[in-house]
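Readers should treat all values here as calculations from the given coordinates under stated rules, not as data from a laboratory. Not measured: the values here are computed from a predicted model. Cβ: placed from backbone, ideal geometry, glycine included. Neighbour counts: every protein chain shown.
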Amino acid sequence: MDILAHALWTTAAAVPIRKRLRHPFSLPWAAFWGVFPDLFSFAIPAIVRIWWYATGVTSSLRPDPKSGQHFQFVWQLYYCSHSLLVFAAVFGIVWALAGRPFLAMLGWLLHILIDISTHQGIFALHFLWPLTPIAISGIRWETPRFLAVNYGMLLLVYSWMWINKRKVHGKQAAIQ
């Protein structure tokens with residue numbers, strides 16, 4: 001799924017969870033963790049490509065398969081950041097160090113779970129990396145039909161959240 005949709009879904013999921021907890025967590029942090037796997041995988045090569053383009057090393061921002069300038073390490077970063085096992089290990093370490101779970105990091109978990117079913121081909125997730133390269137070839141998130149349904153659902157979810165918030169504020173105003 002695209003990075004904007006990840007941020008929106010993570011925030012939408014975090015709002016009701018946050019309301020129920022005694023220790024609420026930051027929605028911006030939840031959104032950050034919702035996009036973290038893609039940032040971790042692709043930010044460094046993107047910055048380098050932009051630098052190369054700006055300095056004239058390359059004439060295009062797109063990778064050239066005939067060029068020696070490849071970022072093979074990106075695949076290891078991608079597998080690592082999209083692994084349920086790596087997520088569980090990092091989440092557990094942070095929990096142990098902080099003495100409580102850092103719930104905003106659940107955005108990372110949601111990212112992986114969404115991507116398992118919305119990636120295919122070379123981007124199919126190896127969600128149990130490094131133990132196994134098994135991957136599920138899901139639907140392509142970038143197809144126009146999926147994008148329309150995805151953003152339509154996001155519009156419905158955020159509209160529902162907005163309407164509910166207005167109802168709650170209306171009831172509170174009526175009580176006062």
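A simple spin-label model places pseudo-atoms 7 Å from Cα toward Cβ; at residue 75 and residue 22 they are separated by 4.9 nm. At an R0 of 25 angstrom, the distance between the Cβ atoms of residue 85 and residue 2 translates into a FRET efficiency of 0.50. Across region 88-98, coupling constants 3J(HN,Hα) worked out from phi with the 6.51/-1.76/1.60 Karplus curve, θ = phi - 60°, read 4, 5, 5, 4, x, 5, 4, 4, 5, 6, 7 Hz, and Gly and Pro carry x.
The base-10 log of I(q)/I(0) for region 30-118, evaluated at q = 0.13, 0.15, 0.26 Å⁻¹, reads -0.55, -0.67, -1.24 [Debye formula, identical scatterers on Cα atoms, solvent excluded]. One chain, two ends: residue 155 and residue 167. Fully extended at 0.36 nm per residue, the span grows by 2.5 nm beyond their Cα-Cα distance. Over the chain, dividing the summed -39,500 (n - 2.57) contributions of all DSSP H runs of at least 4 residues by the number of residues returns a 222 nm mean residue ellipticity of -22500 deg cm²/dmol. Among 1, 161, the order by Cβ neighbours within 10 angstrom, fewest to most, reads 161, 1. Computed on the chain, with alpha-carbon pairs under 8 angstrom and 6+ residues apart, the relative contact order is 24 percent.
The shape of the chain can be summarised by an equivalent ellipsoid whose semi-axes, obtained from the alpha carbon gyration tensor, come to 34, 21, 17 Å from longest to shortest.
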